[in-house]
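First the structure, in the form of structure tokens, and then the observations on it.
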Amino acid sequence: MSTNTAAVFTLALCFAAASAASGQEPIVKTASVSGTATIQAIDSTARTITLRTQAGEEDTFAVGPEVKRFNEMKVGDTVRMTYTESIVLQIRKPGDKPGPTSAQAGVTPGTGALPSATAAVQAKMTVTVKAIDPALPSITVTTPASRTVTRKVENKKNLEGVKVGDQIDITYTQSLLTAIERAK
């Protein structure tokens, strides 16, 4: 997903779930989901692992060279994962200087006895409100790349105080915490 797509998608999620935007207070939304899967197969040459969820679904994943302890994983080990999304929106009035557009990513290895790591991506951008349709309700924004995107707003109250020309700073963060646990 491109940075522009992620940011605008995030905008839609925030307006759907956040409390009313006053133009002063940031809108913050965080959601996490956790799960486990069991390693079914490991291909050391191709650097892939096949995982099976508790529901019995299997999928094979490529494991990049940034995973330094790949050779310590074993068939039967449990992989525990927690995925978190965090969204912060700050509405600014016309004439305010837009925030910088950026994207950062990183992987931090764990320090435990078994392999673990946290991977995170953060994107920042400022979009400009181009149109608001309170009847639908929906909002149309323009991204720094000049893309125009319209999204439905689930909670009409979130449009209170938002006007055409306002700028919305979006910080979108995704992280994945992964840890290996030995089979018992």
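The values are calculated or read from the model by the stated rules, or taken from the named source; none is laboratory data. Please read these numbers as outputs of a predicted model, since none were measured by experiment. Here the Cβ is made from the backbone with ideal geometry for all residues, glycine too, and neighbour counts use every protein chain on show.
Values computed for the structure shown
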| read-out | value |
| --- | --- |
| Test: residue in region 36-52 that is surrounded by 14 or more Cβ atoms within 10 Å (Cβ to Cβ), out of contact with any Phe, Trp or Tyr (no Cβ under 9 Å at 6 or more places or on another chain), without any contact (Cβ under 8 Å) to a residue 24 or more places away in the chain and not in a loop (DSSP other than H, G, I, E, B) | yes |
| Leading residue by the ranking (modelled with the lowest pLDDT) among those in region 100-131 that are under 19 Å from residue 146 (Cβ atoms), of a type outside the set (A, V, I, L, M) and under 19 Å from the mean Cα position of the chain (by Cα) | 100 |
| Check on residue 38, touching a Gly at 6+ places or on another chain (Cβ under 9 Å), closer than 23 Å to residue 172 by Cα and at pLDDT 90 or above | no |
| Check on residue 92, basic (Lys, Arg), touching a residue at least 60 places away in the same chain (Cβ under 8 Å) and under 21 Å from residue 32 (Cα atoms) | no |
| Filtered residue count, region 152-184, keeping only those that are modelled with pLDDT of 85 or more, loosely packed, with under 13 Cβ neighbours inside 10 Å and of a type in the set (Gly, Ala, Ser) | 1 |
| Residues that are assigned to a loop (DSSP other than H, G, I, E, B), under 14 Å from residue 171 (Cα atoms) and touching an Asp or Glu at 6+ places or on another chain (Cβ under 7 Å), drawn from region 90-100 | 99 |
| Residues of region 116-165 that turn out to be under 29 Å from residue 83 (Cα atoms), of a type outside the set (D, E, K, R) and assigned to a loop (DSSP other than H, G, I, E, B), as a count | 5 |
| Region 124-140 residues that are under 16 Å from residue 154 (Cβ atoms) and without any contact (Cβ under 8 Å) to a residue 24 or more places away in the chain, paired with ones that are in a loop (DSSP other than H, G, I, E, B) and not β-branched (Val, Ile, Thr) (beta carbon under 9 Å, 6 or more apart) | 137/154; 137/155 |
| Single residue of 160, 181, 85 found to be more than 21 Å from residue 25 (Cβ to Cβ) and among the acidic types (Asp, Glu) | 181 |
| Residue check for residue 64: outside any strand (DSSP E or B), in contact with an Asp or Glu (Cβ under 6 Å, 6 or more places away or on another chain) and either at pLDDT below 95 or aromatic (Phe, Trp, Tyr) (or both) | no |
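Results for (1) surrounded by fewer than 13 Cβ atoms within 10 Å (Cβ to Cβ); (2) among the hydrophobic types (A, V, I, L, M, F, W, C); (3) assigned to a loop (DSSP other than H, G, I, E, B), shown as yes or no for each residue.
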{"residue": "56", "(1), (2), (3)": "yes, no, yes"}
{"residue": "84", "(1), (2), (3)": "no, no, no"}
{"residue": "88", "(1), (2), (3)": "no, yes, no"}
{"residue": "106", "(1), (2), (3)": "yes, no, no"}
